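The values are calculated or read from the model by the stated rules, or taken from the named source; none is laboratory data. Values in this document were obtained by computation on a predicted structure and should not be read as measured data. Using ideal geometry, Cβ is built from the backbone for each residue, glycine included, and neighbour counts are taken over all protein chains shown. Each accessible area value is taken on the protein alone, full model and side chains, heavy atoms only, with ligands, DNA and RNA left out. Shrake-Rupley method; radii C 1.70, N 1.55, O 1.52, S 1.80 Å.
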Amino acid sequence: MSAPLRGLLRGSVCVRISGARPAEGLNALTRAGIAWWGCSAVDDFTMKVYINQKDLRAAGAAAARSQCALEALRERGVPAAGRRLRRRTALLCSAAVCFALLAASTLFVWDIEVTGCESVSEGEILRALADCGVESGSFWPAWDADAVKNHVILAVPELSWVGVSVAGSRAEVRVRERTEPPETASDGAPGSVAARATGIIERMEVFEGRPVAAVGDAVAEGETLVSGEMTSETGPTRYVRASAMVTARTFVELTAAAPLEYTALAQRDTHTRWALIFCGRRFNFFAGSSQTPPGCGKITTEYPLAVEGVFSLPVTLVRERVTEYALSPAREDDDALAEELKAELLARLGHRLGEDGEALGVNFSVSESGGLLYVTLRAECRENIAEFAPAQ
């Protein structure tokens, strides 16, 4: 084992050797059989070196015989660290208490996260969990997982499955909502095919029913194209579910409007305030209410006392950055606003036509009236205008 490693385990001392010839002091240590290492020169008359703690007295005597002075500067190693810790009993006790509290805190849930809910509100699920003892500050080893799942599903019938897992004082509640089967129309329900838009028929494919319009006809919105009433000279009248694909040339007009003038916000002053949330109770470190003052915006950042997957305590430090704004009138750029409205109208037209329809030609007109900018889209399109209309 090397001398520095033995010094670290058994204890070593950094000493200063000073005299007219400090090198003679090192020679004296060597002749006395004292191990030394880490020698460094401070100046022409002073050197620093490390020796073992047990050799300190013998090293002082050896240095004195060579007309040098030896002074201990600092101790290091395991024994020195142990002596320093023994003098800090309060620190050790505090650390032990902190570790004990952290260990105990992992047996309690301080944060509950709900995932998987869409139509059902998170608050409704949390209330159902609280009714069966699953809430912030509860002792999670006492939970009955099956009882919790059954209670929540009974309390919230929109759910089909509930799963609860705990990791580091944090409970994750995963839910799956019940999927209702879609309503399907009965194949035997009679009805006709009507026009969902005004246009000129270019093509008709009738799969079921009796056509009452033909290619080249101009039809109005809501007009019957294919009837579900099947008459016969030799038999009674039958009623079927009419089905067809009717491609027509249509003319679409859409309009969008937006104000040209608006109120702009100019930042004036910003200040930061702090608060503490302990066990659900908030303590403000500032005077007044925590409400956002009029004419101000607020950005809130929370710093929970937790390490994800390890522990979580019911303590959260809150920082609020409050910015005061001044209101001033402003005007939109006409060209930029018109482009935004055009893009919106094109998106609406694409949604109306779907995958099968197409726009044959598109024109825009822009006008201003009453502080509003109007953009009108006029388009000639080709689309399927067939729409099922149930029998009355």
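Can you give the net charge of the other residues whose Cβ lies under 13 Å from the Cβ of Phe286, counting K and R as +1 and D and E as -1?
Values: positive: Arg273, Arg282, Lys298, Arg319, Arg321; negative: Glu320.
Summing Lys/Arg as +1 and Asp/Glu as -1 gives +4.
Full extension from Glu344 to Trp274: what is 0.36 nm times the residue separation minus their Cα-Cα distance, to one decimal in nm? Before the final figure, lay out the partial values.
On the way: separation 70, 0.36 × 70 = 25.20 nm, distance 4.28 nm.
Full extension of this stretch gives 20.9 nm more.
Have a look at Gly370, Gly38, Cys93 and report the one farthest towards the positive end of the charge dipole of the chain, computed about the Cα centre with Cβ charges (Lys/Arg +1, Asp/Glu -1).
Gly38
Dipole of the chain (Lys/Arg Cβ +1, Asp/Glu Cβ -1, origin at the Cα centre): which of Leu327, Gln392, Thr263 lies farthest to the positive side?
Value: Leu327.
Place a +1 charge on the Cβ of each Lys and Arg in the stretch 337-392 and a -1 charge on the Cβ of each Asp and Glu, then give the dipole magnitude about the Cα centre in debye, rounded to the nearest 20.
Numbers: 5 positive and 10 negative charges, 28 e Å.
Dipole magnitude for the stretch 337-392 comes out near 140 debye.
To the nearest 500 deg cm²/dmol, what mean residue ellipticity at 222 nm is calculated for the chain from DSSP H runs of n ≥ 4 alone, each contributing -39,500 (n - 2.57), summed and divided by the residues? Can you show the working numbers first?
Values: 8 runs with 95 residues, N = 392.
After summing the helix terms and dividing by residue count, I get -7500 deg cm²/dmol.
Select from the stretch 314-392 those GluC sites (Glu not before Pro) which occupy a DSSP coil region and have at most 10 other Cβ atoms within 10 Å, ordered by residue number.
Numbers: sites: Glu320, Glu324, Glu332, Glu339, Glu340, Glu344, Glu355, Glu358, Glu368, Glu380, Glu383, Glu387; in loops: Glu332, Glu355.
For GluC sites (Glu not before Pro) across the stretch 314-392 that sit outside H, G, I, E and B with at most 10 neighbouring Cβ atoms in 10 Å, the list reads Glu355.
Describe numerically, in nm with one decimal, the distance between label points set 7 Å from Cα along Cα→Cβ at Glu122 and at Val315.
2.5
Tell me, what is the 1.4 Å probe accessible area of His271, in Å² to the nearest 10?
90
What is the distance, in nm, between label points placed 7 Å from the Cα along the Cα-to-Cβ direction at Glu221 and at Arg281?
Going from the Glu221 label point to the Arg281 one covers 6.2 nm.
Looking at the stretch 232-337, which chymotrypsin sites (Phe, Trp or Tyr not before Pro) are DSSP coil and have at most 15 other C-beta atoms within 10 Å of their C-beta?
On the way: sites: Tyr239, Phe251, Tyr262, Trp274, Phe278, Phe283, Phe285, Phe286, Phe311, Tyr325; in loops: Phe285, Phe286.
In loop regions of the stretch 232-337 (DSSP not H, G, I, E or B), the sparsely surrounded chymotrypsin sites (Phe, Trp or Tyr not before Pro) are Phe285, Phe286.
Go through the stretch 162-169 residue by residue and turn each phi into a ³J(HN,Hα) via Karplus (6.51, -1.76, 1.60, θ = phi - 60°); whole Hz please, and just put x for glycine and proline.
9, x, 10, 9, 10, 8, x, 6
Using a 1.4 Å probe, what is the accessible area per residue for the stretch 187-254, in Å²? Don't jump to the answer; show the numbers that get you there.
Values: 3820 Å² over 68 residues.
Counting only protein heavy atoms, the per-residue value for the stretch 187-254 is 56 Å².
Roughly to the nearest percent, how much of the accessible area of the chain is carbon and sulfur, given a 1.4 Å probe? Spell out each step's value before the answer.
Numbers: 12820 of 24270 Å².
Carbon plus sulfur share of accessible area: 53 percent.
Given N residues in the stretch 85-181, what is its alpha carbon radius of gyration divided by 2.2 N^0.38 Å?
Numbers: Rg = 18.3 Å, N = 97, 2.2 N^0.38 = 12.5 Å.
Relative to the rule-of-thumb radius for its length, the stretch 85-181 sits at 1.46.
Before anything else, pin down the relative contact order of the chain: Cα pairs under 8 Å, at least 6 apart, normalised by residue count, whole percent.
Values: 752 pairs, mean separation 52.9, N = 392.
Relative CO of the chain lands at 13 percent.
So, with +1 on the Cβ of K and R and -1 on the Cβ of D and E, and no other charges, what is the size of the charge dipole of the chain about its Cα centre, to the nearest 20 debye?
So the magnitude is around 5000 debye.
Could you pull out every one of the lysines with an alpha carbon less than 30 Å from that of Lys342, ignoring same-chain neighbours closer than 8 positions?
none
Can you list residues whose amide H is under 5 Å from Val212's amide H, if they're 5+ apart or on another chain and H is modeled 1.01 Å from N?
Val226, Ser227
Under 20 Å Cα-Cα from Lys48, which aspartates and glutamates qualify once same-chain neighbours fewer than 8 residues away are excluded?
Glu24, Glu71, Glu75
For Kirkwood radius over Cα pairs in Å, several values are listed as (i) 21.7; (ii) 21.1; (iii) 32.1; flag the one computed from this structure.
Recomputing Kirkwood radius over Cα pairs in Å here gives the entry labelled (iii).
Only four residue types carry charge here, +1 at the Cβ of Lys and Arg and -1 at the Cβ of Asp and Glu. Report the dipole size of the stretch 277-330 about the Cα centre in Debye, rounded to the nearest 20.
Details: 5 positive and 4 negative charges, 25 e Å.
The calculated dipole for the stretch 277-330 is roughly 120 debye.
Applying the Karplus parametrisation 6.51 cos²θ - 1.76 cosθ + 1.60 with θ = phi - 60° to the phi angles of the stretch 366-381, what ³J(HN,Hα) value in whole Hz is obtained for each residue in order, glycine and proline being reported as x?
So the J values, rounded to whole Hz, are 10, 8, 10, 7, x, x, 10, 9, 9, 10, 10, 9, 10, 9, 9, 10.
Would you mind estimating how fast the stretch 269-355 diffuses translationally, via Stokes-Einstein at 4 °C and 1.567 mPa s with the Kirkwood radius over Cα pairs, in µm²/s?
Numbers: Rh = 17.6 Å.
Taking Rh from Cα pairs, D becomes 74 µm²/s.
Which residue, Ala197, Ser290, Ala306, has the largest displacement toward the positive end of the dipole of the chain when charges sit on each Cβ (Lys, Arg +1; Asp, Glu -1)?
So the residue furthest toward the plus end is Ala306.
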